Amino acid sequence: MKTFPALKLRNRDVQVPIIQGGMGIGLSSYTLAGAVAREGGLGVLSSAALDRIVTQRHGKKFKAREAAAQDVIDAKQIGNNGAIGMNIMVALINQYEDSVLGSMDGGVDAIISGAGLPMALPEIALSHPRANEVSLIPIVSSGRALEVICKRWSRQNRLPDAVVVEGPLAGGHIAWRDVNEAMDPVNHLDNLLRDVFEVAKKWNINSVIAAGGVYSHEDIQKYLDMGCTGVQMGTRFLATYESGANEEYKKQVVECTEDDIELASKPGSPCGMLFRVLKSSPFYQEALKRERAPKCDKGYLLNKGNCPSKYENEKTFCICNGLLSSIDLNPKEKELYTVGHTASRVNRIMSVRELMRELQGLPVEAELVHPQQVRAHQAVPSLTV
């Protein structure tokens, strides 16, 4: 069996060129990212709501910067110091800078940033002593977006170390605002990659990573053969014992069909981008019927500094509360399940080790791992920033 080449980042080589997607809120838990890192991939955390998540886990108050640092430390401990990244959404504007700096405080190897163009990322990162150690990786969905980013970043004498190209089959937020446009064949991931390859070559960016709808060993090999240096995958890792999703969430992923998956738009995400969900999500059903009164009491996901879900429920619905409920941190609200387009192909929950071996085309023996064993709180050192 042909082995995959390592993914070369700024400060280290990732043995297996698989990036586990950063899924918020709390789905890309420290247990998940650490397990992926331990198996040789790039385990990626999500910065969304880490102040609440890490505070609950450690039993003491953490601010955004401290929480980001601690989450990296916790994941690194599980991952035997393997490669750990942090996904930081541009739309999380109130905590963006603190999340970047905190991740770097904690020893993160890569920062991956999308849900908007991460124009300020290099300037923030360059203010940190570890600036030359951390890979900066934007997420784009077109060559034009990468061109804009490179022109802006070049003013700081820092270009992307890699670029993630995310197609319209990805889970959570995607770059498009219209469903028909998103699903137009012109926006197939293969076409987006060819577009980005040209711009990456122009700017001497040697690492292009495919994301959105990548499911199998064969998919990974296809994109490597196209010239990609790696892939990013979220949904496959969502249905692992180690992910932060609660047991009902995972059950719904395993049982869903293709018809159960929807791009939410009316109502949709407060930040204006399409958001892929399971239609059966209790929180989403409540939003469709306009049964939940307008309310935003978390303030993470903003559109131009505000969350429209605080004032209306006709065009948008609150995402933060539903996702927090889906990791058992917000019992007063119903649960919201976000997935990628490939969720209907998932037929069972497995361990990260089993999944990583399957994705590499290696022999697999199912491991008897109890969900509570990998989601239980583990003793981890605290960091004071």
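The values are calculated or read from the model by the stated rules, or taken from the named source; none is laboratory data. Quick caveat: nothing in here was measured; it's all calculated off a predicted structure. With ideal geometry, Cβ positions are generated from the backbone for all residues, glycine too; neighbour counts draw on all protein chains shown.
Some points to look at:
- Selection within region 149-162 - outside any helix (DSSP H, G or I) and out of contact with any helix residue (DSSP H, G or I) (no Cβ under 6 Å at 6 or more places or on another chain): R155, N157, P160, D161, A162
- You will find that of A170, A75, the residue that is of a type outside the set (K, R), in contact (Cβ under 8 Å) with a residue 60 or more places away in the chain and in contact with a Gly (Cβ under 6 Å, 6 or more places away or on another chain) is A170 and no other.
- The set of residues in region 40-57 being in contact with a helix residue (DSSP H, G or I) (Cβ under 9 Å, 6 or more places away or on another chain), over 29 Å from E358 (Cβ atoms) and of a type outside the set (K, R) consists of A49, L50, D51, V54, T55.
- Failed item in (1) touching a residue at least 24 places away in the same chain (Cβ under 8 Å); (2) buried (at least 18 other Cβ atoms within 10 Å of the Cβ), with D297 passing the rest: (2)
- Segments classed as helices (runs of 4 or more DSSP H), wholly inside region 224-333, with at least 2 members that are among the aromatic types (F, W, Y) and more than 24 Å from G43 (Cβ to Cβ): 282-288
- Residue that is farthest from A131 (Cα to Cα) [pool: residues in region 142-153 that are without any contact (Cβ under 8 Å) to a residue 40 or more places away in the chain and of a type outside the set (D, E, K, R)]: A145
- For region 97-110, the condition of being within 13 Å of the chain's Cα centre (by Cα) and either farther than 23 Å from E358 by Cβ or modelled with pLDDT of 95 or more (or both) holds for at least one residue.
- Screening V14 on (1) surrounded by fewer than 24 Cβ atoms within 10 Å (Cβ to Cβ); (2) out of contact with any helix residue (DSSP H, G or I) (no Cβ under 8 Å at 6 or more places or on another chain) shows it passes everything except condition (1).
- Every residue from region 78-96 that is free of Cβ contacts under 8 Å to residues at least 60 places away in the same chain, surrounded by fewer than 24 Cβ atoms within 10 Å (Cβ to Cβ) and not in a loop (DSSP other than H, G, I, E, B): Y96
- Scope region 163-185; condition farther than 20 Å from S135 by Cβ and in contact with a helix residue (DSSP H, G or I) (Cβ under 9 Å, 6 or more places away or on another chain); matching residues: G167, P168, L169, A170, G171, I174, A175, W176, E181, P185
- Residues that are assigned to a loop (DSSP other than H, G, I, E, B) and buried (at least 18 other Cβ atoms within 10 Å of the Cβ), drawn from region 118-148: P118, V134, S141
- The condition of being modelled with pLDDT of 95 or more and not acidic (D, E) does not hold for V186.
- Test for G40: is it in contact (Cβ under 8 Å) with a residue 40 or more places away in the chain, of a type outside the set (S, T, Y) and either under 24 Å from V277 (Cβ atoms) or outside the structural domain of G230 (by TED's automatic domain parsing) (or both): no
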